[in-house]
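The values are calculated or read from the model by the stated rules, or taken from the named source; none is laboratory data. Just so we're clear, the structure is a prediction, and the values are computed from it rather than from any experiment. Quick reminder, even Gly has a Cβ in these numbers, built from the backbone with ideal geometry, and neighbours come from all protein chains shown.
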Amino acid sequence: MKPLIYGKSKIGPGTVIGDNVIIGYPSRSEMEKFEKNPEEIDGAVIGENCTLRAHGTIYSRAVLGSGVRTGHYYLVREGTVVGDNTLIGTHVTIDNNCKIGKNVSIQSGVYIPTGTVIEDDVFLAPNVCLTNDRRPAYLKEWKCEPVYIKTLATIAANSTILPGVTIGKGALVGAGSVVTKDVPDFAIVYGVPARRVGDVRDLIKKLDQSNLSERAKKIVSL
């Protein structure tokens, strides 16, 4: 099935859209307006030279910058802003009103809940789960406590970040960790619960300096 583009959606030049992609899907607050006249909802904004692969849904009032790439079966909810050249992997869910920076790598199976803030150059490995509710299903009115991830942080596969936690710039969270409190800048943490075990800058110094990635060089220069 060809892409479905709803409302006043805007798509930049050079963008490639795969089969079964829905752009500008109405949020709950827009559904009544959509049912009366689908052309009246705000729609989504997609930048230039994006690659949106098949079977994705991007809600109305979501904004994707230029050069964004996706896998398959992804969801980006309303009010979320994604920066330039960010990767959204297969089976990624990004809920509403999130702010995601430039050059972020969101690998397959990552869950990003409402209100999350992710700065530039962050790497989220497969199946990372961010959370925002300390008492799920127990209160009628719950308090949203978003996760904040600072620039150049890395979160390894299958890690869970609890509500309200800040991950410092350049920090590294080891695979399978459960992070229950803030992680300082450049700290290496892992475990259940995650505990500090080192400094990313010391780790980088031990590596082959002639083979460092641009990412590693940026961390050292911070």
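Remark: I219 matches the filter, which requires a residue to be touching a helix residue (DSSP H, G or I) at 6+ places or on another chain (Cβ under 7 Å) and not assigned by TED's automatic domain parsing to the domain that holds K99.
Checked against (1) in contact with a Phe, Trp or Tyr (Cβ under 7 Å, 6 or more places away or on another chain); (2) among the charged types (D, E, K, R); (3) free of Cβ contacts under 8 Å to residues at least 24 places away in the same chain, D133 passes all but a single condition, namely (3). Somewhere in segment 33-50, is a residue in contact with a His (Cβ under 7 Å, 6 or more places away or on another chain) and without any contact (Cβ under 8 Å) to a residue 60 or more places away in the chain? Within segment 33-50, not a single residue is in contact with a His (Cβ under 7 Å, 6 or more places away or on another chain) and without any contact (Cβ under 8 Å) to a residue 60 or more places away in the chain. Across segment 130-156, the qualifying residues are those that are surrounded by fewer than 17 Cβ atoms within 10 Å (Cβ to Cβ) and among the hydrophobic types (A, V, I, L, M, F, W, C), and the one among them that is farthest from L87 (Cα to Cα) is L139. The residues of segment 112-125 that are hydroxyl-bearing (S, T, Y) and surrounded by fewer than 19 Cβ atoms within 10 Å (Cβ to Cβ) amount to a single one, T114.
Among the criteria (1) without any contact (Cβ under 8 Å) to a residue 12 or more places away in the chain; (2) over 28 Å from G79 (Cβ atoms), the one L139 does not fulfil is (2). Residue count for segment 57-83 satisfying the condition of being out of contact with any strand residue (DSSP E or B) (no Cβ under 6 Å at 6 or more places or on another chain) and more than 18 Å from K99 (Cβ to Cβ): 3. I'd like the residue in segment 190-204 that is surrounded by 13 or more Cβ atoms within 10 Å (Cβ to Cβ), in contact with a strand residue (DSSP E or B) (Cβ under 7 Å, 6 or more places away or on another chain) and not in a strand (DSSP E or B) and, out of all such residues, is modelled with the lowest pLDDT. Here the residue is L203. Answer yes or no as to whether P26 is touching a residue at least 24 places away in the same chain (Cβ under 8 Å), under 21 Å from G115 (Cα atoms), surrounded by fewer than 23 Cβ atoms within 10 Å (Cβ to Cβ) and not aliphatic (A, V, I, L, M). The answer is yes for P26.
Within segment 1-20, being of a type outside the set (G, A, S), over 21 Å from the mean Cα position of the chain (by Cα), modelled with pLDDT of 95 or more and more than 24 Å from D95 (Cβ to Cβ) holds for P13, D19.
Let's see how each residue does on (1) more than 19 Å from H91 (Cβ to Cβ); (2) among the β-branched types (V, I, T):
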| residue | (1), (2) |
| --- | --- |
| I22 | no, yes |
| Y25 | no, no |
| K33 | yes, no |
| K36 | yes, no |
| R53 | no, no |
| G65 | yes, no |
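Considering segment 157-172, the residues that are of a type in the set (A, V, I, L, M) and under 16 Å from G109 (Cβ atoms) include one that is surrounded by the most Cβ atoms within 10 Å (Cβ to Cβ), namely I161.
Does segment 137-158 include one or more residues that are assigned to a helix (DSSP H, G or I) and within 24 Å of V92 (Cβ to Cβ)? No, because not a single residue in segment 137-158 is assigned to a helix (DSSP H, G or I) and within 24 Å of V92 (Cβ to Cβ).
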